[in-house]
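Working notes, structure below.
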């Protein structure tokens, strides 16, 4: 009979247990009410705390931005957009123009090609390991993703420079990268197989790198087809806000960066808040096989207290400097309102369940990680204490307050993970800590998640 479902031994889910679950659910009117609502509506509509919404206006005592937001569209280039958005603030002033954008597509092209070389070099280095080795598996899981980190951004600019958006505008694939990435990943994995097969036949390093170069040539072609060929020089001229016309002539991307990218990004360092017991404050970290440019310095983080991260962010904003940052954007966020608050959605009341893991526990058990990079452009300060933060997103101007979001300070503590700041903003003892040998975290550690 239908009800005669056998139990399958120790640890199996039993019919008795399921019957008990159903009885307690049916006996709880609050859960039946939640069922009636959530089966017809988004659970966030029920969980939203309206009092937080009404007490969270997009109003700030310090606002730096007087420009429009950018749009990364259906791609994962947030780190790159946030980096270029930071740099364009000073560039607008140098050019004396209201609006300006660097080409995100240009850096995307070089990131993909450099990252393919980075991954295939790692494949050569690990060729003696089995294909199901955890590190090899990690390298092949999503080799040419769109994600990245602050140090990866500065490495690209240092090697390839920048160009204005007009010199290499967006394409269908830069704005919607899924199909392109599928082909890029295929070619990278196929190249990895050929390298590993050649290693198994005792081929030398020169032959392995020859296979790598053949793979990179195919990847270059794919990138050109999808993104266009990157310019080797820019014929640059513009008219400023005072109607003054200037012609700079032909500049290489590195010359363009030297002349017009005036933000000293290479003096910036990455501060993270990692509260896990295994991650001591004041220590530096790197993540194995995290990067894109083989000959660039290793990715490096300095672990600090969350209050210090807030204090430095506030000081930079008070000094008129926007702040690049990384966070877990999807948690406790209302996209249309452009609002984050640690308690914005009361899921505990909806489900009658416990949601009490702290930040360190959420990191350890894969419930939180850096997922998005943006830029702080304002803050609301009351009696010297910030209560809400203004954030420039790169999701177009149709969400939030014309694309700008508002972060209540409670959310900063729980879901902020990283900022990039000039070294001069660090206390002297932490400037010295940057010289320490970094602790090496495994490739799959959540501190590397933004690049995935």
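No lab work stands behind these numbers, since they all come straight from the coordinates. All values reported here derive from a predicted model rather than from experimental measurement. Cβ placement follows ideal geometry from the backbone for every residue including glycine, while neighbour counts extend to all protein chains displayed.
Relative contact order of segment 73-140, please, whole-number percent, based on alpha carbon pairs below 8 angstrom and at least 6 residues apart.
22
Could you work out the relative contact order of segment 176-230, using alpha carbon pairs under 8 angstrom and six or more residues apart, expressed as a whole percent? Spell out each step's value before the answer.
Numbers: 23 pairs, mean separation 24.3, N = 55.
Reported relative contact order: 44 percent.
What ranking of 236, 150, 444 emerges when the number of other C-beta atoms within 10 Å of each C-beta is taken as an exposure proxy, fewest first?
444, 236, 150
Say each of residue 207 and residue 166 gets a label point 7 Å from the Cα, pointing the same way as Cα to Cβ; how far apart are those two points in nm?
So the label points at residue 207 and residue 166 sit 5.3 nm apart.
What do you get for Rg/Rh over segment 243-366 if you use C-alpha atoms and the Kirkwood form of Rh? Kindly include the intermediate steps, with their values, before the conclusion.
Numbers: Rg = 20.5 Å, Rh = 19.0 Å.
My calculation of the ratio gives 1.08.
With a 10 Å Cβ neighbour count serving as the proxy for reagent exposure, in which order, fewest first, do 405, 60 appear?
Details: 405 24, 60 20.
Ascending number of Cβ neighbours within 10 Å: 60, 405.
Given a cut-off of under 8 Å on Cα pairs at least six residues apart, what relative contact order in percent is computed for the chain?
Details: 753 pairs, mean separation 107.3, N = 452.
The normalised contact order for the chain reaches 24 percent.
In nm, to one decimal, how far is the modelled label at residue 19 from the one at residue 239, with both set 7 Å along Cα→Cβ?
Distance between label points: 8.3 nm.
What is the pair-distance distribution P(r) of segment 293-431, computed from all Cα-Cα distances in 10 Å bins starting at 0, with each bin given as a whole percent?
10, 38, 35, 14, 2, 0
Based on DSSP H runs of at least 4 residues, each adding -39500 (n - 2.57), what is the mean residue ellipticity at 222 nm of the chain after dividing by all its residues, to the nearest 500 deg cm²/dmol?
When only DSSP H runs of four or more count, the value is -12500 deg cm²/dmol.
What percentage of all Cα-Cα pairs in the chain are separated by more than 36 Å?
37
Just want the ordering: 345, 81, from fewest to most Cβ atoms lying within 10 Å of their own Cβ. Provide the component values of the computation, followed by the final result.
On the way: 345 22, 81 26.
Fewest-to-most Cβ neighbours within 10 Å comes out as 345, 81.
What whole number of Å gives the distance from the Cα centroid of segment 171-218 to the Cα centroid of segment 34-66?
45
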